1. Right, residue A:94: touching a strand residue (DSSP E or B) at 6+ places or on another chain (Cβ under 7 Å) and touching a residue at least 12 places away in the same chain (Cβ under 8 Å) or not?
2. One residue is enough: does segment A:91-111 have a residue meeting the conditions assigned to a helix (DSSP H, G or I) and more than 30 Å from residue A:274 (Cα to Cα)?
3. Just wondering, is there one or more residues in segment A:256-272 that are closer than 27 Å to residue A:178 by Cβ and out of contact with any strand residue (DSSP E or B) (no Cβ under 6 Å at 6 or more places or on another chain)?
4. Every residue in segment A:349-360 that is touching a residue at least 60 places away in the same chain (Cβ under 8 Å) and touching a helix residue (DSSP H, G or I) at 6+ places or on another chain (Cβ under 9 Å), please.
5. Residues of segment A:22-42 being out of contact with any helix residue (DSSP H, G or I) (no Cβ under 8 Å at 6 or more places or on another chain), part of a loop (DSSP other than H, G, I, E, B) and modelled with pLDDT of 95 or more, which ones?
6. Restricting to segment A:214-253, name every residue that is in contact with a strand residue (DSSP E or B) (Cβ under 7 Å, 6 or more places away or on another chain) and assigned to a loop (DSSP other than H, G, I, E, B).
7. Looking at segment A:344-360, is at least one residue within 24 Å of residue A:307 (Cβ to Cβ) and at pLDDT 95 or above?
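The values are calculated or read from the model by the stated rules, or taken from the named source; none is laboratory data. Predicted model only: the values in this text are computed from it and were never measured. Note that each Cβ is placed from the backbone with ideal geometry, even for glycine, and that neighbours are counted across all protein chains shown.
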């Protein structure tokens, strides 16, 4: 049996995830390598949400009754857990959203709409997920500011020289991903945030692919905004977090209007609620927020540094084995210590969709396509790539099965 | 799966017919399948009676999308626009002769979608028309 040097007891961890114990077809156990798209959920997260629905389902922040009090306590308790998990200075800086996409849109539609105009520049990157490109393109049409993109080098890093050359007093925001969902590149965000601040610009970080895998300290990073999703970090879908510095959140106009985000409403006007509720109009995803709190507990108990060490080991093993397969071209950094747990590849003469289809036949779940990063694929002149992405429950034996199945792809297409 | 990648499909994928755009073209249309990034560009020359004289296409994508384009477009030559109009989703599936999952059906139908959009301005997915 293949082994890697990991601090995790992976077999014990796998027992916590009910979905992993199934055969996709007879004799083909599920090998789940699509974690960058969404992670699986441990039983205790599922049970935590079940418990809310079975014992204390009620709306939050309103009812003067036992169930509503319990629900509010659990919902706000989860917020405090998340605050601690990313080391935010205050739980008022932790806003529940539907996910990373909504977090970025929230900043665009509130801070962006109030602060950007003709002559201003927003800097993003050519490796971004569409969620961090499209909201700014939409807003730029309305407000008339310019968007510049930091180019990506052949080996998958941001061209920092170009970035520094772009910086001047016109730049109002630098917005980028912490970890690339395709290349896996861990971007030097600390340096980028400091450089943005040096010209008076704010910095927004898309942490969708970093919070699940790396220890995050938003105060140390000194970012102005940091957005991420629950479902990629063992939590449920439908909830995410936008962290924002209080000084910005307080002056920003609200995002959506409705219940819970107001203090007082008259027919002539309204007064906004305090942070963070000013940005949380309507009944939120209560069960999901509580579930995310449980996922954060689970991750913290295992330890983010241990998870990262496991991922470096398994990604390193995967990159090593993939490099042995003739015809495979890997995208992104070759050193597993410099990247997230992602291996995106192009196989000569076999389209990514066909690779995924044949792998699926062998019980292996990967993602094929452009992974919501079309400009990045244009950069590398490939229409699509096949992406295997790993998490704390993946084993080197699963990597071996991936490699075997890739040889079947090569057989079919005679690559 | 062996059915999915049956020989004829792989053969068309590896040796696509009429690949390469033609100019001047009476019909010239390109489209992507945003789900997977498949791309097809179709050019057609017609004679005075609206009969297809020549076809050329270019594209990138999975075996299903590219083989479907090769097989469909090859068969257009000599047909009138009227005859082509009746080609439907079912005809493509029969042409390919395979069972496709919901996720892959658009790969198979992109060729027909591009043809119908280019020739008749019909932009809905084949099979989704009302």
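1. Details: touching a strand residue (DSSP E or B) at 6+ places or on another chain (Cβ under 7 Å): yes; touching a residue at least 12 places away in the same chain (Cβ under 8 Å): yes.
Here the answer is yes, as residue A:94 does meet what is asked.
2. Keep residues of segment A:91-111 that are assigned to a helix (DSSP H, G or I), which gives A:91-93, A:100-111.
Then keep just the ones that are more than 30 Å from residue A:274 (Cα to Cα); that gives none.
Looking for residues that are assigned to a helix (DSSP H, G or I) and more than 30 Å from residue A:274 (Cα to Cα), one finds none in segment A:91-111, hence no.
3. Here is the first cut: in segment A:256-272, the residues closer than 27 Å to residue A:178 by Cβ are A:256.
Those still in the list that are out of contact with any strand residue (DSSP E or B) (no Cβ under 6 Å at 6 or more places or on another chain) too: A:256.
Looking through segment A:256-272, at least one residue is closer than 27 Å to residue A:178 by Cβ and out of contact with any strand residue (DSSP E or B) (no Cβ under 6 Å at 6 or more places or on another chain).
4. As a first pass, look at segment A:349-360 and keep what is touching a residue at least 60 places away in the same chain (Cβ under 8 Å): A:349-350, A:360.
Of everything in segment A:349-360, those that are touching a residue at least 60 places away in the same chain (Cβ under 8 Å) and touching a helix residue (DSSP H, G or I) at 6+ places or on another chain (Cβ under 9 Å) turn out to be A:349, A:350.
5. Scanning segment A:22-42 gives A:22, A:35, A:36, A:37, A:38, A:39.
6. A:223, A:224, A:230, A:239
7. So in segment A:344-360, the residues within 24 Å of residue A:307 (Cβ to Cβ) come out as A:344-345.
Of the ones still in play, those that are also at pLDDT 95 or above are A:344-345.
So far as segment A:344-360 goes, yes, one or more of its residues are within 24 Å of residue A:307 (Cβ to Cβ) and at pLDDT 95 or above.
Here's the yes/no breakdown for (1) over 22 Å from residue A:260 (Cβ atoms); (2) at pLDDT 95 or above; (3) buried (at least 20 other Cβ atoms within 10 Å of the Cβ):
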position: A:51; (1), (2), (3): yes, yes, no
position: A:62; (1), (2), (3): no, no, no
position: A:93; (1), (2), (3): no, yes, yes
position: A:111; (1), (2), (3): no, yes, yes
position: A:118; (1), (2), (3): yes, yes, no
